[in-house]
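> The structure under discussion is supplied below as structure tokens; questions concerning it will follow.
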Amino acid sequence: MIRTQGLTKYFGRIRAVDDVALEVAEGEIYGFLGPNGSGKTTTVRMLLGLVLATSGSIEMMGHPMPRRAREVLPEVGSLVEGPAAYPGLSGRANLSLVDAMGPGGSRATRSRRIEEALEEVGLAGVDRRPVRAYSLGMRQRLGLAATLMRRPRLLVLDEPTNGLDPQGIHEVRELLLRLNREGTTIFLSSHLLAEVEQLCHRVGVLDRGRLVLQESLAEIRRPTGRWYVETQDVARARALLDGQVDRIEGDRLVVRHDDSAALNRLLVEGGVRVTALTPERRTLEEVVLKATTDSPDKVVRP
Ligand code: ATP
């Protein structure tokens, strides 16, 4: 759905995006992570043709961008740096304009499409207030509603839950999951690890402009080959497992072993009461922190 090669952007002497090769497959939810200033927004803006790359290439839905923007962009819904809306008009009036410009369908059914879109984003009860009077969260939802009216194949969202309260974040997450189940590919940038962990199939991590990790969440969360052994008999377990215990954390030992059944048998036959035996998995946070602290400093200093 999205493929970039060598994607690079300089602002003067600042290398904001550096040799980035993204791979976003059809049907997935891709989380684009990175600390503030790492180049996420610049990358998203290049994907959408809002800013020109200094070098490198972008392909979206098999077409080169921005050369084929006229074919590609009608199939892409986007929300970048706060939704655009006419502040003096109501939310419904804004959506009506969006519908009139897009492939929406007949005018007769326009108000039904608008009500459906408002409902989808939790704005069904919105009154005639102008958008100027909306909270940031309401604007964000209206932007999403506008995006949905075009029924895009691909959604490109920059920090979609920015400014939303926990309930709003939950609703947007459910909405994105539903759209994805119905076939929409979603590329979203975020600096919220928990959000990405709950939502995404794959992640890309940007650090100082460089893509330092691109991996499926399933791979990231794969068992490490170590086991957590929970027991009241820590000393006895440790003696039995001499040389295989990596560390002890209170009532649990972290043990290297390639066969959990054999490990359990060894402990139980040795008189250790095992209360739980679970595989150790890395968290997204651990993996991201490691990738970002390990990456070499590639910032070009003026
Ligand atoms: P955030 O999470 O804070 O939005 P980000 O990961 O989206 O950060 P970018 O906004 O893409 O990061 O910025 C990357 C770098 O490029 C930063 O050093 C920023 O100062 C610089 N930058 C971005 N836009 C411009 C611009 N128009 N002119 C000059 N420098 C820019």
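The values are calculated or read from the model by the stated rules, or taken from the named source; none is laboratory data. Nothing here was measured: the structure is a model prediction, and the numbers come from that model. Counting neighbours? That spans all protein chains shown, and the Cβs are built from the backbone with ideal geometry, glycine included. Quick note on the areas: whole protein, heavy atoms, side chains included, nothing else; ligands and nucleic acids left out. Shrake-Rupley method; radii C 1.70, N 1.55, O 1.52, S 1.80 Å.
> I'd like to know if segment 9-22 contains one or more residues that are open to solvent by less than 10 Å² (accessible area, probe 1.4 Å), at pLDDT 95 or above, closer than 17 Å to SER78 by Cβ and assigned to a helix (DSSP H, G or I).
Scanning segment 9-22, I find no residue that is open to solvent by less than 10 Å² (accessible area, probe 1.4 Å), at pLDDT 95 or above, closer than 17 Å to SER78 by Cβ and assigned to a helix (DSSP H, G or I), so the answer is no.
> Name the residues in segment 157-175 that are of a type in the set (A, V, I, L, M, F, W, C) and farther than 11 Å from LEU79 by Cβ, would you?
Once the filter is applied, which keeps residues that are of a type in the set (A, V, I, L, M, F, W, C) and farther than 11 Å from LEU79 by Cβ, segment 157-175 yields LEU164, ILE169, LEU175.
Here's the yes/no breakdown for (1) within 24 Å of ASN162 (Cα to Cα); (2) touching a strand residue (DSSP E or B) at 6+ places or on another chain (Cβ under 6 Å):
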{"site": "ALA16", "(1), (2)": "yes, yes"}
{"site": "LEU22", "(1), (2)": "yes, yes"}
{"site": "GLY31", "(1), (2)": "yes, yes"}
{"site": "PRO35", "(1), (2)": "yes, no"}
{"site": "VAL44", "(1), (2)": "yes, yes"}
{"site": "SER55", "(1), (2)": "no, yes"}
{"site": "GLY62", "(1), (2)": "no, no"}
{"site": "MET65", "(1), (2)": "no, yes"}
{"site": "VAL72", "(1), (2)": "no, yes"}
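> Go through segment 23-72 and give me each residue that's away from the ligand (no atom under 15 Å from the Cβ), open to solvent by 50 Å² or more (accessible area, probe 1.4 Å) and in a helix (DSSP H, G or I).
Hits for segment 23-72 are ARG70, GLU71.
> Consider ILE220 carefully, then state whether it is touching a Lys or Arg at 6+ places or on another chain (Cβ under 8 Å) and over 23 Å from GLU23 (Cα atoms).
no
> What residue, among those in segment 146-183 that are of a type outside the set (A, V, I, L, M, F, W, C) and within 16 Å of the ligand (Cβ to nearest atom), is most open to solvent (accessible area, probe 1.4 Å)?
For segment 146-183, the residue satisfying everything is ASN162.
> Which residue, of ARG132, ARG92, ARG112, is assigned by TED's automatic domain parsing to the domain that holds GLU171, of a type in the set (D, E, K, R) and free of Cβ contacts under 8 Å to residues at least 24 places away in the same chain?
On the way: ARG132 fails: free of Cβ contacts under 8 Å to residues at least 24 places away in the same chain; ARG92 fails: free of Cβ contacts under 8 Å to residues at least 24 places away in the same chain.
Just one listed residue meets the conditions, ARG112.
> Of all residues being under 15 Å from the mean Cα position of the chain (by Cα) and in a helix (DSSP H, G or I) in segment 202-249, which is nearest to VAL288 (Cα to Cα)? Just the residue, please.
For segment 202-249, the residue satisfying everything is ILE220.
> While we're looking at this one, here's another question. If a residue has to be part of a loop (DSSP other than H, G, I, E, B) and open to solvent by 40 Å² or more (accessible area, probe 1.4 Å) to count, how many in segment 123-145 make the cut?
Qualifying residue count, segment 123-145: 6.
> Still on this structure, please answer the following. Pull out all pairs, ordered by first then second residue, where Cβ-Cβ is under 6 Å, the residues are six or more apart or on different chains, the first lies in segment 1-19 and is under 14 Å from LEU47 (Cα atoms), and the second is open to solvent by 90 Å² or more (accessible area, probe 1.4 Å) and at pLDDT 95 or above.
Between residues of segment 1-19 that are under 14 Å from LEU47 (Cα atoms) and residues that are open to solvent by 90 Å² or more (accessible area, probe 1.4 Å) and at pLDDT 95 or above, the close pairs are MET1/GLU26.
> When you scan segment 256-271, do you find a residue that is open to solvent by less than 50 Å² (accessible area, probe 1.4 Å), away from the ligand (no atom under 16 Å from the Cβ), assigned to a strand (DSSP E or B) and touching a His at 6+ places or on another chain (Cβ under 9 Å), even just one?
Filtering segment 256-271 for residues open to solvent by less than 50 Å² (accessible area, probe 1.4 Å) gives 257, 260, 262-263, 267, 270-271.
So of that shortlist, the ones also away from the ligand (no atom under 16 Å from the Cβ) come out as 257, 260, 262-263, 267, 270-271.
Those left that are additionally assigned to a strand (DSSP E or B): none.
Looking through segment 256-271, none of the residues is open to solvent by less than 50 Å² (accessible area, probe 1.4 Å), away from the ligand (no atom under 16 Å from the Cβ), assigned to a strand (DSSP E or B) and touching a His at 6+ places or on another chain (Cβ under 9 Å).
> Kindly establish whether ASP242 is outside the structural domain of GLY39 (by TED's automatic domain parsing), modelled with pLDDT under 90 and touching a strand residue (DSSP E or B) at 6+ places or on another chain (Cβ under 8 Å).
Working: outside the structural domain of GLY39 (by TED's automatic domain parsing): yes; modelled with pLDDT under 90: yes; touching a strand residue (DSSP E or B) at 6+ places or on another chain (Cβ under 8 Å): no.
So ASP242 does not fit the description; no.
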